[in-house]
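The values are calculated or read from the model by the stated rules, or taken from the named source; none is laboratory data. Keep in mind that this is a model prediction, so the values were computed, not measured. Using ideal geometry, Cβ is built from the backbone for each residue, glycine included, and neighbour counts are taken over all protein chains shown.
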């Protein structure tokens, strides 16, 4: 399989399936595309033949079959590899994990827009200012903290649904990196979970690869200048 991704430092959506594949040692070939949203760019040309969305990530099978939504990719991988606990084995817990992913997929808009993922930057001063100025950010962070605490209390941790890293953890991995990069405050339980996710070998591998890119894209940088 091929996984088409964008710049790792910025592409939170690319991070999710990349980390999930790596966590379960599912073989894949990465095709990394530099973000360039100008009409007719190499980015759009590369995607035109495989997805109608013009967005990454996209998972492409050997025969050209493409899956281009992160939740759809997670479901496809779970069906293709039932030997792996990508979703919890228990039916109710599986439904809860999907609910958490769907909430992340469609929600937390203030957190996502005000604190875009940037794995090459540490921005605690920005995070402190935003927490003071933006009630929507504080609301999103409180909801996420509560969501994590509830799941961890039910499963026993250290990951959201128990001892194994799974789709829900991969889905929240980019948010974990946002929280850590912007120095956003968490409860002790949620902070311990964030550290467990950041320390997972698949997440560390993604971050290490991002730091090797050495690219500064000004349209992805609301808080830094090239200097």
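The helices (runs of 4 or more DSSP H) found wholly in region 1-92 and carrying at least 3 residues that are within 23 Å of residue 178 (Cβ to Cβ) occupy 12-23, 70-80. Where helices (runs of 4 or more DSSP H) fall wholly inside region 118-213, the ranges with 3 or more residues that are touching a strand residue (DSSP E or B) at 6+ places or on another chain (Cβ under 8 Å) are 188-199. Residue pairs whose Cβ atoms lie under 7 Å apart, separated by 6 or more positions or on different chains, with the first residue in region 59-85 and not assigned by TED's automatic domain parsing to the domain that holds residue 98 and surrounded by 12 or more Cβ atoms within 10 Å (Cβ to Cβ) and the second part of a helix (DSSP H, G or I) and modelled with pLDDT under 95, are 71/105. Of all the listed residues (196, 128, 167, 192), the sole one being touching a residue at least 24 places away in the same chain (Cβ under 8 Å), surrounded by fewer than 16 Cβ atoms within 10 Å (Cβ to Cβ) and either farther than 22 Å from residue 114 by Cβ or under 19 Å from the mean Cα position of the chain (by Cα) (or both) is 192.
What number of residues within region 1-36 satisfy the criterion of being closer than 28 Å to residue 222 by Cβ, surrounded by fewer than 19 Cβ atoms within 10 Å (Cβ to Cβ) and free of Cβ contacts under 8 Å to residues at least 40 places away in the same chain? Count: 4. If you filter region 40-58 down to residues that are over 10 Å from residue 4 (Cα atoms) and in contact with a helix residue (DSSP H, G or I) (Cβ under 9 Å, 6 or more places away or on another chain), you find that the one that is surrounded by the fewest Cβ atoms within 10 Å (Cβ to Cβ) is 53.
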